[in-house]
Every structure is written in structure tokens, then in C-alpha cells.
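**Q** So that we are looking at the same thing, I have put the structure below in C-alpha cells.
Read-outs throughout are calculated quantities, based only on the coordinates presented, and are distinct from any laboratory measurement. From a predicted model like this one, the values you see are computed outputs, not experimental measurements. Virtual Cβ from ideal backbone geometry, glycine too; neighbours counted across all protein chains shown.
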Amino acid sequence: MRELDDKTIVTRRFVLRPLKRSDAEIDTRNQASTGTIEKLGFERVRVVPQADYFKGAASDEYHYSYRVSND
């Protein structure tokens, strides 16, 4: 069985179940997840200060969006 790269997996997700957009919200301290989602083609659309309270401290969040072009 051929292994699929991450970008192909994301693209197939939109083909198999048509969506116009997918969103993600990630803690700004989670560099592994933000790196992965950016590599997949998601665009950072905003930063939300003090979006969450985790382990005794307020944390900010990045909001990402992946939009399918209408070409």
C-alpha cells in the first residue's frame, strides 16, 4: 500500500466529503502542532489573547483556516 503525504490526506478529506473550509484553534505554545498545520497549508487568520486558561496560566490561541479554492 502506498503511503500518502500529509498534504494529500488533507486534500482527499475535502474531496471525499466536500467542505469549503476547515478551521483549527491551537495554543500558541504548541509549536509542533502549529508547524504541522502550517505545513499542511492552513493559514493563520488571527491570534486570540488569553483565549484559554491552562495549568494555572492564561494562554493565547492561533486560529487557522484552510479554504478550498473555487477554481
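**Q** Near Pro49, within a Cβ-to-Cβ distance under 14 Å, what is the net charge of the other residues, with Lys and Arg +1 and Asp and Glu -1?
**A** -3
**Q** At 7 Å along Cα-to-Cβ for each site, give me the label-to-label distance between Asp52 and Ala32 in nm.
**A** Result: 1.5 nm between the two label points.
**Q** What FRET efficiency would be calculated for the residue pair Lys39, Ser59, taking the C-beta separation as r and a Förster radius of 25 Å, to the nearest 0.05?
**A** Working from the Cβ atoms, E equals 0.65.
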